[in-house]
Amino acid sequence: MARKRIGLWLIGAKGAVAATAITGWIALKKGLVGPRGLVSEMPPFADLGLVAWKDLVIGGHEIRDASLVESAEAMQATSGMLSTRDLARCRTELLKVERNIRPGTVLNVGPTIEQLAGAGVRRRREKARTVVRRLQDDLKAFIDQHRLDNVVVVNVASTEPPTEADVLPARWSALSKALDRATPCGVPASSLYAIAALDLGLPYVNFTPSLGSAAPAIDELARQRGTVHVGRDGKTGETLLKSVLAPMFAHRNLEVMSWVGHNIFGNMDGQVLDSPANKRSKVASKDQVLSQTLGYQPQTLVSIEYVESLGDWKTAWDHIHFRGFLGTPMTMQFTWQGCDSLLAAPLVLDLVRLTERAHRAGSLGSLDFLASFFKSPYGVETSDFFEQFAMLIKWSSGVATR
Ligand code: NAD
């Protein structure tokens with residue numbers, strides 16, 4: 001059987017996560033790095049027939065007039081990923097990817113993100129339907145030019161201010177009509193990208209806290225077009241630790257009285273999240289893990305502050321106040337210092353392979369077995385990381401034996 005050629009289309013293609021994922025993918029193909037940090041490279045997934053790194057082609061949408069090479073160089077300076085010599089070896093391929101990047105949309109993203117956009121993108125005055133058609137034309141041209149069998153669209157764009165899923169009409173037929181209205185229809189850009197992809201039958205992954213495909217009408221569209229989607233908000237740092245530690249308190253019958261988490265970081269994502277409206281989306285996403293796992297709501301506080309000098313190095317300090325037998329209060333504290341994009345990038349690559357495989361296996365609608373990758377997985381009852389990972393293993397054994 002001929003090998004499949006699969007596209008990865010990144011929304012926010014020149015941001016920190018995207019530039020790290022693209023550079024990491026090139027370095028993997030060239031054998032400059034090993035597979036450490038990639039879940040899909042672990043033994044349980046070896047027989048799934050996942051797409052090979054060399055069979056991926058990358059493109060995307062972006063709103064800034066930035067250069068991908070410069071973004072990758074900035075990431076290298078911050079995170080220390082690769083040596084300068086190895087990064088130079090990736091340059092030609094980075095330039096090839098750059099040629100596949102098209103101007104995105106800032107419709108309904110709010111003023112903070114709009115300010116990031118280049119003049120050309122900001123000047124466009126399109127209604128929602130025109131935006132969706134333009135995004136689809138870009139995707140179709142990418143498929144034709146590279147003779148691709150499928151394209152997984154992954155949203156790694158800046159976090160939009162919150163839009164509640166129930167603000168959009170509940171049915172796809174009504175949402176589709178709303179896209180034709182001349183007045184702004186309130187559908188955020190993240191959802192327009194999702195609609196553009198799913199309507200073409202392409203899988204869509206929302207790695208951000210933005211609405212994306214979380215609205216029921218968009219899930220209906222995915223099912224109608226025979227495709228899959230998954231989200232929301234990659235679980236890479238403090239929330240990953242919460243979803244690992246909270247089950248321990250629950251399984252030892254310890255009562256968590258309060259859990260306070262302070263996060264400080266200084267990259268462009270941090271700058272966008274410094275705006276109160278955009279920050280609300282992230283805080284909501286980080287704050288729901290505990291009540292789901294513990295079965296009650298302890299007092300919680302989640303703060304996210306922009307500290308420019310830290311760059312991509314996110315520091316979280318968590319203080320957990322708990323009690324057990326005889327009611328004596330005790331404390332656990334931890335400090336997490338992770339390089340945000342180095343934690344996120346491999347998960348983006350994993351999600352492309354696993355989502356494409358699920359689509360090929362005939363899955364439909366939202367993919368609950370990928371819950372361990374997300375802070376707010378769609379329609380999944382458990383926030384326990386180990387239960388979520390068991391769902392992934394179970395799915396993979398089912399697919400491998402088919
Ligand atoms: P970033 O600010 O470096 O990159 C975002 C990119 O998206 C920028 O290049 C920006 O110009 C572009 N963009 C913004 N709006 C766009 C639009 N409407 N269309 C196309 N491009 C657009 O941020 P990042 O650190 O790369 O993070 C990306 C996203 O992933 C954020 O939403 C973040 O919250 C989410 N996320 C990151 C992590 C992590 O880094 N560990 C974990 C979970 C979620």
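The values are calculated or read from the model by the stated rules, or taken from the named source; none is laboratory data. The shown structure was predicted, so the numbers you read here are calculated from the model rather than taken from an experiment. Using ideal geometry, Cβ is built from the backbone for each residue, glycine included, and neighbour counts are taken over all protein chains shown.
Suppose we keep only residues that are more than 12 Å from the ligand (Cβ to nearest atom) and not in a strand (DSSP E or B) within the stretch 54-71. Which one would you say is surrounded by the most Cβ atoms within 10 Å (Cβ to Cβ)? I'd like the intermediate steps shown before the answer.
In the first step, residues of the stretch 54-71 are kept if they are more than 12 Å from the ligand (Cβ to nearest atom); the result is 54-59, 69.
Filter again for not in a strand (DSSP E or B), leaving 54-55, 69.
Working: LYS54: 10, ASP55: 14, VAL69: 18.
So the residue we want is VAL69.
Looking across the stretch 80-108, the residues that are among the β-branched types (Val, Ile, Thr) and modelled with pLDDT of 95 or more come down to THR92, VAL97, ILE101, THR105, VAL106.
When GLY201 is tested against (1) small (Gly, Ala, Ser); (2) touching a Ser or Thr at 6+ places or on another chain (Cβ under 8 Å); (3) on the phi < 0 side of the Ramachandran plot; (4) more than 13 Å from the ligand (Cβ to nearest atom), just one condition goes unmet, and that condition is (3). Applying the condition of being touching a residue at least 40 places away in the same chain (Cβ under 8 Å) and within 12 Å of the ligand (Cβ to nearest atom) to the stretch 123-141 and asking which residue is farthest from HIS61 (Cα to Cα) yields VAL131.
Yes/no per residue for (1) in contact (Cβ under 8 Å) with a residue 60 or more places away in the chain; (2) β-branched (Val, Ile, Thr); (3) more than 16 Å from the ligand (Cβ to nearest atom); (4) crowded, with 24+ Cβ neighbours inside 10 Å:
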position: GLY12; (1), (2), (3), (4): yes, no, no, yes
position: GLY15; (1), (2), (3), (4): yes, no, no, yes
position: ALA21; (1), (2), (3), (4): yes, no, no, yes
position: GLY24; (1), (2), (3), (4): yes, no, no, yes
position: GLY31; (1), (2), (3), (4): no, no, yes, no
position: GLY34; (1), (2), (3), (4): no, no, yes, no
position: LEU38; (1), (2), (3), (4): yes, no, no, no
position: PHE45; (1), (2), (3), (4): yes, no, yes, no
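PHE369 meets all of the listed conditions (1) under 17 Å from the mean Cα position of the chain (by Cα); (2) crowded, with 18+ Cβ neighbours inside 10 Å; (3) within 16 Å of the ligand (Cβ to nearest atom) but one, namely (3).
For TRP259, the test of being surrounded by fewer than 17 Cβ atoms within 10 Å (Cβ to Cβ), assigned to a strand (DSSP E or B) and over 18 Å from the mean Cα position of the chain (by Cα) is failed. Remark: pairs (first residue in the stretch 94-105, more than 15 Å from ALA21 (Cα to Cα) and without any contact (Cβ under 8 Å) to a residue 60 or more places away in the chain; second residue near the ligand (Cβ under 10 Å from one of its atoms) and not in a strand (DSSP E or B); Cβ separation under 6 Å; 6+ apart in sequence or on different chains) = PRO103/VAL121. Being within 16 Å of the ligand (Cβ to nearest atom), exposed (fewer than 14 other Cβ atoms within 10 Å of the Cβ) and at pLDDT below 95 is a description that applies to ALA77. Within the stretch 291-311, the presence of a residue that is under 17 Å from the mean Cα position of the chain (by Cα), at pLDDT below 95 and within 16 Å of the ligand (Cβ to nearest atom) is excluded.
Report whether or not ASP269 is in contact (Cβ under 8 Å) with a residue 24 or more places away in the chain, under 18 Å from the mean Cα position of the chain (by Cα) and within 13 Å of SER383 (Cβ to Cβ). Spell out how you get there, then give the answer.
Numbers: in contact (Cβ under 8 Å) with a residue 24 or more places away in the chain: yes; under 18 Å from the mean Cα position of the chain (by Cα): yes; within 13 Å of SER383 (Cβ to Cβ): no.
Against the criterion (in contact (Cβ under 8 Å) with a residue 24 or more places away in the chain, under 18 Å from the mean Cα position of the chain (by Cα) and within 13 Å of SER383 (Cβ to Cβ)), ASP269 does not qualify.
When GLY270 is evaluated against the numbered criteria (1) touching a helix residue (DSSP H, G or I) at 6+ places or on another chain (Cβ under 7 Å); (2) assigned to a helix (DSSP H, G or I), which criterion, by number, is the only one it fails? The one condition GLY270 does not meet is (1). Only helices (runs of 4 or more DSSP H) wholly contained in the stretch 128-230 count here; list those with 3 or more residues that are over 22 Å from the mean Cα position of the chain (by Cα). Per the criteria, 128-146, 172-178. Checking each residue in the stretch 204-226 for being among the aromatic types (Phe, Trp, Tyr) and either away from the ligand (no atom under 11 Å from the Cβ) or without any contact (Cβ under 8 Å) to a residue 40 or more places away in the chain (or both) picks out only TYR204. Here GLU381, GLU305 are screened, and the one residue that is under 23 Å from PHE207 (Cα atoms), touching a residue at least 60 places away in the same chain (Cβ under 8 Å), surrounded by fewer than 21 Cβ atoms within 10 Å (Cβ to Cβ) and out of contact with any Pro (no Cβ under 9 Å at 6 or more places or on another chain) is GLU381.
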